[in-house]
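Down below is the structure, laid out as structure tokens.
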Amino acid sequence: MPLIENGRIGEDAWSFIPDGEPVPNDRPVIISFERWQAERDSFDGRNARLGVRLKSGTLAGAIAADLDRFSLVAVEFPKFRDGRGFSTARELRERYGFTGEIRAVGHVIPDQYLFLVRTGFTSVEAPEGTNQESWDNALKEITVAFQPSLDDSAPLSLLRRKLKVG
């Protein structure tokens with residue numbers, strides 16, 4: 001699947017390793033949260049970067065104690081209308097101080113891209129044949145937001161204060 005970063009299709013250095021398959025030690029891999037729980041000790045001393053994939057119902061706190069072990073957290077979106085992943089990303093950044101990559105995987109659409117970025121996501125696994133222009137445009141279509149975010153944009157309330165508009 002193509003990887004979207006900053007509105008552009010990029011190269012994905014990571015591989016998702018399904019449960020039960022051997023995990024290579026020489027390249028960046030993503031494993032399931034369930035595998036992490038069952039085989040945590042087997043990843044001690046790993047040479048390559050490690051990522052974990054969370055199902056939409058798994059709370060950020062479930063991996064908080066282990067965040068220093070992960071370079072990437074992939075958050076699943078089973079359906080585009082399931083917004084729990086947005087909360088997970090925001091909590092990883094704000095409450096737990098995670099600075100690594102947060103990737104949206106699953107059923108994500110370009111219309112959600114700006115909000116993904118605003119809540120702390122750094123990349124999106126897009127479907128095959130995705131239109132890069134639609135992802136790039138999603139970052140430019142809306143220029144004003146009402147909510148504070150984790151990106152560099154200021155919400156409308158701060159802009160009003162700065163401009164001294166009632």
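The values are calculated or read from the model by the stated rules, or taken from the named source; none is laboratory data. Predicted model only: the values in this text are computed from it and were never measured. Here the Cβ positions follow ideal geometry from the backbone for every residue, glycine too, while neighbour counts run over all protein chains shown.
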| task | Please work out which residue is farthest from Ile31 (Cα to Cα), limiting yourself to region 64-97 and to residues that are under 11 Å from the mean Cα position of the chain (by Cα) and not in a helix (DSSP H, G or I). | result | Phe77
| query | Are any residues in region 116-131 surrounded by fewer than 19 Cβ atoms within 10 Å (Cβ to Cβ) and either acidic (Asp, Glu) or out of contact with any strand residue (DSSP E or B) (no Cβ under 9 Å at 6 or more places or on another chain) (or both), and if so, which ones? | reply | Pro127, Glu128, Gly129, Asn131
| said: Checking the structure you have, find out if any residue of region 137-157 is under 19 Å from Arg53 (Cα atoms), surrounded by 14 or more Cβ atoms within 10 Å (Cβ to Cβ), among the aliphatic types (A, V, I, L, M) and at pLDDT below 90. | reply: no
| task | Could you figure out which of (1) surrounded by 18 or more Cβ atoms within 10 Å (Cβ to Cβ); (2) under 22 Å from Ile9 (Cα atoms); (3) over 10 Å from the mean Cα position of the chain (by Cα); (4) of a type outside the set (D, E, K, R) isn't true of Ile102? | result | (3)
| field | Residue, nearest to Arg90 (Cα to Cα), within region 52-69, restricted to residues that are surrounded by 21 or more Cβ atoms within 10 Å (Cβ to Cβ) and not basic (Lys, Arg) | value | Ala60
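Does Arg27 qualify as being surrounded by 12 or more Cβ atoms within 10 Å (Cβ to Cβ) and basic (Lys, Arg)? Lay out the reasoning, then the answer.
Details: surrounded by 12 or more Cβ atoms within 10 Å (Cβ to Cβ): yes; basic (Lys, Arg): yes.
Yes: the conditions hold for Arg27.
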| task | Give the number of residues within region 119-130 that are free of Cβ contacts under 8 Å to residues at least 40 places away in the same chain and more than 11 Å from the chain's Cα centre (by Cα). | result | 1
| field | Residue within region 85-93 that is of a type in the set (Lys, Arg) and surrounded by 16 or more Cβ atoms within 10 Å (Cβ to Cβ) present | value | yes
| Some residue of region 2-18 being farther than 30 Å from Arg118 by Cβ and surrounded by fewer than 11 Cβ atoms within 10 Å (Cβ to Cβ) | yes
